[in-house]
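See below for the structure under consideration.
The values are calculated or read from the model by the stated rules, or taken from the named source; none is laboratory data. Worth saying up front: this structure is predicted, and the values here are computed from it rather than measured. Cβ atoms come from the backbone with ideal geometry, glycine included; neighbour counts cover every protein chain shown.
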2 protein chains.
Amino acid sequence: MLTDDDRALGVRLLAQADALAAFTEEAPALTRTYLGPQHRAAGDCLAGLMREAGMDASYDALGNLVGRYPGAQPDAPVLMIGSHMDSVRNAGRYDGLFGILSAIACVAGLHARGARLPVALEVVAFGDEEGVRFGITLIGSKAMAGAFDPAWLSVRDRDGISLREALVAFGADPDAWPSVDRRARPPIAFLESHIEQGPVLLQEGLPVGVVTAIAGAQRALVHLTGLAGHAGTVPMGSRQDALAAAAEMVLAVERIALARGDVVATVGRLEARPGAVNVIPQDVSFSLDVRSGRDDTRRAAMAEIDAACAAIAARRGIALRREPLYQADAAPCDPRLQACLAQAIAARGLPVRHLPSGAGHDAMAFPALCPMAMLFVRCGNGGISHHPDEILAAEDAAIATRVLADALAGVAGALQAPA
Amino acid sequence: MLTDDDRALGVRLLAQADALAAFTEEAPALTRTYLGPQHRAAGDCLAGLMREAGMDASYDALGNLVGRYPGAQPDAPVLMIGSHMDSVRNAGRYDGLFGILSAIACVAGLHARGARLPVALEVVAFGDEEGVRFGITLIGSKAMAGAFDPAWLSVRDRDGISLREALVAFGADPDAWPSVDRRARPPIAFLESHIEQGPVLLQEGLPVGVVTAIAGAQRALVHLTGLAGHAGTVPMGSRQDALAAAAEMVLAVERIALARGDVVATVGRLEARPGAVNVIPQDVSFSLDVRSGRDDTRRAAMAEIDAACAAIAARRGIALRREPLYQADAAPCDPRLQACLAQAIAARGLPVRHLPSGAGHDAMAFPALCPMAMLFVRCGNGGISHHPDEILAAEDAAIATRVLADALAGVAGALQAPA
């Protein structure tokens, strides 16, 4: 199914990702945070690739790198494609970067043929998605969608440098942040290609998949209070063991999510006090993280979990207090854009797999601005991401790029340009 | 059932315990560690009570206070009674102390009537049972039973003071430690009265109970290794969640102990890593503490727990490593001595409740030296001990003391003196 050209493209994309992984603050580990010198160096390298692909390339006021490939007409609407160039600490090399490189390769293909689409293509390398440096995620994409909060300019990193100072040091212009806002002339769509960061495509033997929605998420802390006691002297039937209660709740969380199927629920943190070998645990706190591509499903699962925990606590004589931490609704992918991606996949003779994204992505900022959709690419090595063991196969990189290129051509026809 | 004299005795015993609680290193909290000035002051006060009760009283080479009330004949064998005068940090005032005060009151009763038993009574206030200062428990009782390790003399407390130095400062004689060993002329029996430190007698409305054995204990750490993953991207069915596995094991531990009835099993510590809200736990370690008055029961329960954990780990694809920490066999209470206590309880018209001791006590050092038995006294306030909220009722203190006095009279007849 792959031509020699396809194979060469895949190898080239991985080689580019390898080269960009050298722009790191913590070699040999890959760590590239927003507005650092390595962000600037990686961005300059990407700008070079953009220009080679026939684009103009420049940083906006917040350090996003934007490459522009004009459409057939000077006033053609914009179709935006992109992902992020920052990373977590000790990251994999494809998370974010692949979506940028793949988009540039699509434009390079048009440029090589001297072809223009009825839309202008803008490839964006977002400066901040992961939020490692300032604790704020999606700064670049939120700013484009009109959700930048100028109070963020005063937020400081762990070295005491404010976002404003970091932007100035980068060569960007903090006071020009409103210029990043695209609401006055929104793109007709935003497309993002990204490694799955999970095992679904890998387990099903599929190179790519169409994202249905970026999952909504709800987080809470649950605090349990039982009664401490001597591990030797309090009979089993007289105990109010907060850890045994928590164990039952952890299993209820797992059971409820498994039964629903379209939700994931995780207890990632659990602390038991006093934490002595010979003392019955009195206090336990644990975290809940519940996600689904469907908000109604997520809310129903959380309600079911809450009810199960309340029943367990009541039966065991344990006091329960629930502390909500966070809630974000799902960001649905546009059905017409999903159809364009599905059509491009099917045209290559591949099964079309729809799946939600459990992780957040730049694309989730866009529904406030324009329709968006995402293509997922198979993640190797069991689906590991945010880790140096993250793997992407050259063949998959090539297929995903061909699919994205075909979909871009289809999108201009599928969506009406704004008047 | 209680006479006015009995009531007065109970009130007096609690008043003595109140007074002795003033000998503390951390007022208003009660903390009295081995060989400190407060140990010496409390011991001197107890020596005064002993002398008032007709006894000779002196410290032995390791700081145990020994009071002696001669028998009817000069060469009468010794019946030993006692408990400990050290405490945990922020302790209750009856743990240990009550057993000493109650024994002194028994002798005072004989002395008031000018009565002698066919045995000499020795009341011992052990210097170290809790092990707070040097991290070694039961120093006093082990030394009497011939289990003192001279290497202990070099062990240092947190201020760098060795046991040897502390003994010298106390006025004791570290090099004379072999003189504490009673194996050459063992007592015919050791009896200890102690608050239950648990809720069994309280729940059953009984003032006293007969201990069947001091439970044997086994401790282990269980280490689980699963696979970390993104809480949003790894479907429920693809997870190797070490915390969910641990939760299932915690409930198996509880279920197995509940089903057996004569065993307690506790998971007191549990740590989950990496411990992030949005990451599936990869590594979990938890502690196991299993106790029973019967060693075969304890071993069978631990084997059942091990098998359950292994099955859970295998089913979930989790690696399990078990690290044994500690094992001590049960110290059985002598049946004839138990019968003497039971007879004294029944003679007062009270139901005879036999129960194991889940906690350790001085008596557990004695089976190597002579038969031993213990009387448990109801612990108020839910059974709380090792805590300032520890409560003992004056009526219960009186009943326990009357029972002990009657039992002492019975023991000399029940046991043959050594040749």
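Just a few scattered comments:
- Exactly one residue among A:Gly209, A:Gly146, A:Gly237, A:Gly229 is in contact with a Leu (Cβ under 6 Å, 6 or more places away or on another chain) and not hydroxyl-bearing (Ser, Thr, Tyr), and that residue is A:Gly209.
- Within region A:398-411, the set of residues being at pLDDT below 95 and more than 17 Å from A:Gly82 (Cβ to Cβ) comprises A:Ala409, A:Gly410.
- Residue ID - farthest from A:Ile256 (Cα to Cα), chosen from residues in region A:304-331 that are within 26 Å of the chain's Cα centre (by Cα) and surrounded by 21 or more Cβ atoms within 10 Å (Cβ to Cβ): A:Ala331
- Scanning region B:342-362 for residues that are within 13 Å of the chain's Cα centre (by Cα) and within 14 Å of chain A (Cβ to nearest Cβ) gives B:Pro356, B:Ser357, B:Gly358, B:Ala359, B:Gly360, B:His361.
- Screening A:Cys379 on (1) at pLDDT 95 or above; (2) over 28 Å from A:Asn64 (Cβ atoms); (3) crowded, with 24+ Cβ neighbours inside 10 Å shows it passes everything except condition (2).
- Among (1) more than 9 Å from every other protein chain (Cβ to nearest Cβ); (2) of a type outside the set (A, V, I, L, M, F, W, C); (3) touching a residue at least 12 places away in the same chain (Cβ under 8 Å) - the single one A:Gly229 does not satisfy: (1)
- As for region A:31-48, it holds no residue that is buried (at least 23 other Cβ atoms within 10 Å of the Cβ) and more than 24 Å from A:Pro174 (Cα to Cα).
- A:Gly54 satisfies every condition listed in (1) surrounded by fewer than 23 Cβ atoms within 10 Å (Cβ to Cβ); (2) touching a Leu at 6+ places or on another chain (Cβ under 6 Å); (3) of a type in the set (Gly, Ala, Ser); (4) under 30 Å from A:Leu337 (Cα atoms) except (2).
- Candidates are the residues of region A:15-26 that are out of contact with any Cys (no Cβ under 8 Å at 6 or more places or on another chain) and over 15 Å from A:Cys106 (Cα atoms); the one that is modelled with the lowest pLDDT is A:Glu26.
- Given (1) closer than 18 Å to A:Leu404 by Cα; (2) within 14 Å of another protein chain (Cβ to nearest Cβ); (3) not aliphatic (A, V, I, L, M), index of the condition A:Pro335 fails: (2)
- For region A:5-26, the criterion of being surrounded by 13 or more Cβ atoms within 10 Å (Cβ to Cβ), among the basic types (Lys, Arg) and assigned to a helix (DSSP H, G or I) is met by at least one residue.
- Candidate set: region B:215-226, residues that are more than 8 Å from chain A (Cβ to nearest Cβ) and of a type in the set (Gly, Ala, Ser); chosen: the one nearest to the chain's Cα centre (by Cα): B:Gly216
- The set of residues in region A:208-223 that are buried (at least 21 other Cβ atoms within 10 Å of the Cβ) and either of a type in the set (S, T, N, Q) or over 28 Å from A:Arg269 (Cα atoms) (or both) comprises A:Val208, A:Gly209, A:Val210, A:Val211, A:Gln218.
- Residue pairs whose Cβ atoms lie under 8 Å apart, sitting 6 or more positions apart in sequence or on different chains, and linking a residue in region B:302-324 that is within 14 Å of B:Val253 (Cβ to Cβ) and without any contact (Cβ under 8 Å) to a residue 24 or more places away in the chain to a partner that is surrounded by 12 or more Cβ atoms within 10 Å (Cβ to Cβ) and not small (Gly, Ala, Ser), are B:Asp306/B:Arg322; B:Ala310/B:Leu320.
- Number of the exception - A:Gly171 against (1) at positive phi; (2) without any contact (Cβ under 8 Å) to a residue 12 or more places away in the chain: (2)
- Scanning region B:224-234 for residues that are part of a loop (DSSP other than H, G, I, E, B) and either modelled with pLDDT of 95 or more or in the same structural domain as B:Gly360 (by TED's automatic domain parsing) (or both) yields one hit, B:Gly226.
- Applying the condition of being in contact with a Pro (Cβ under 7 Å, 6 or more places away or on another chain) and within 14 Å of another protein chain (Cβ to nearest Cβ) to region B:382-410 and asking which residue is surrounded by the most Cβ atoms within 10 Å (Cβ to Cβ) yields B:Gly383.
- Hits in region B:235-279 - residues which are at the interface with chain A (Cβ under 7 Å from one of its Cβ atoms), modelled with pLDDT under 95 and part of a strand (DSSP E or B): B:Val279
- Lone unmet requirement of (1) under 20 Å from A:Ala319 (Cβ atoms); (2) buried (at least 18 other Cβ atoms within 10 Å of the Cβ) for A:Arg273: (2)
- Residue pairs meeting the criteria (Cβ under 8 Å; at least 6 apart or on separate chains; first closer than 21 Å to B:Val290 by Cβ, in region B:357-380; second of a type in the set (Val, Ile, Thr) and in a loop (DSSP other than H, G, I, E, B)): B:Ser357/A:Thr233; B:Gly358/A:Thr233; B:Gly358/A:Val234; B:Ala359/A:Thr233; B:Gly360/B:Thr137
- Exclusive hit being assigned by TED's automatic domain parsing to the domain that holds A:Pro356, among the hydrophobic types (A, V, I, L, M, F, W, C), under 29 Å from A:Leu14 (Cβ atoms) and modelled with pLDDT of 95 or more, set A:Val180, A:Val155, A:Val107: A:Val107
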